[in-house]
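Chemist: The following block contains the structure, expressed as structure tokens.
The values are calculated or read from the model by the stated rules, or taken from the named source; none is laboratory data. Please read all numbers here as calculations on a predicted model, not as lab measurements. Cβ placement follows ideal geometry from the backbone for every residue including glycine, while neighbour counts extend to all protein chains displayed.
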Amino acid sequence: MSELASEFEAMVREEHQQMRGVLRELADAFWWRVPEYFPSILRRVAAITGPHFRCEEEVLYPALEKVGGIQPVTELLANHNQLKSSAERLAELAKKEVWSDEEVGVGIELIHGLLQHVNDCDGLVAMVERLPDETVRNILDAHKRFNKASLDLLRWAQEVKKLPIPAAN
Ligand SMILES: [Fe+2]
């Protein structure tokens, strides 16, 4: 694997680790029924996932689709769309002062869906080694730009995202 591809893969895996960490904190907040901790953790989830999803959708997925061997980009975007709905649902739950048993169950299930996506994404990122160095360089540059813009997940989805989003299955 080229140095650039290794750099990109290591960086994305590190972001995935951060995501797993904050998602586990969110699950703990449900488990221990401490809604007061929830909004600040959720803000961190949104802050980390915003630039990350943006990089995947705007540059990584299209580049990988060109070299083949991944699910169609439309399917990957549909997955992201579903995750965005999960984040919105979690943001709704974050406004509550008390959760019912049902809400705790729903919340934990939503978080498991997000964790599953992070695991799937680790596999996808390994395919970056198939890309030419120039493409990986462009992806790394875009990643830097998106981090600098630091739009959280919901703001990016509402204000910037221009790609048509297929309905989630
Ligand atoms: Fe990812």
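Chemist: Taking the range 87-113, which residues are touching a Gly at 6+ places or on another chain (Cβ under 8 Å) and closer than 19 Å to G21 by Cα?
Modeler: Answer for the range 87-113, where residues must be touching a Gly at 6+ places or on another chain (Cβ under 8 Å) and closer than 19 Å to G21 by Cα: just L90.
Chemist: Check the range 26-43 and report whether any residue there is assigned to a helix (DSSP H, G or I) and within 16 Å of the ligand (Cβ to nearest atom).
Modeler: For the range 26-43, residues assigned to a helix (DSSP H, G or I) and within 16 Å of the ligand (Cβ to nearest atom): absent.
Chemist: Working only within the range 80-102, note down all residues that are over 15 Å from L153 (Cα atoms) and buried (at least 17 other Cβ atoms within 10 Å of the Cβ).
Modeler: Residues satisfying the conditions are L93, A94, W99.
Chemist: Just give me the residues in the range 80-119 being within 13 Å of the ligand (Cβ to nearest atom) and modelled with pLDDT of 85 or more, in sequence order.
Modeler: L114, L115, Q116, H117, V118, N119
Chemist: How many residues does the range 120-132 hold that are charged (D, E, K, R) and more than 14 Å from the ligand (Cβ to nearest atom)?
Modeler: Number of matching residues: 2.
Chemist: Could you say whether any residue in the range 49-72 is surrounded by fewer than 17 Cβ atoms within 10 Å (Cβ to Cβ) and of a type in the set (S, T, N, Q)?
Modeler: yes
Chemist: Suppose the filter is at pLDDT 85 or above and surrounded by 13 or more Cβ atoms within 10 Å (Cβ to Cβ); does L77 pass it?
Modeler: no
Chemist: Quick one: how many residues across the range 45-72 are more than 16 Å from the ligand (Cβ to nearest atom) and either farther than 15 Å from D120 by Cβ or over 20 Å from the mean Cα position of the chain (by Cα) (or both)?
Modeler: Adding up the residues that qualify gives 4.
Chemist: Which ones in the range 12-25 are surrounded by 13 or more Cβ atoms within 10 Å (Cβ to Cβ) and either more than 16 Å from the ligand (Cβ to nearest atom) or closer than 19 Å to V128 by Cβ (or both)?
Modeler: Within the range 12-25, V12, R13, E15, H16, Q18, M19, R24, E25 qualify.
Chemist: Please verify whether L151 is in a helix (DSSP H, G or I) and within 18 Å of V45 (Cα to Cα), treating the condition exactly as stated.
Modeler: no
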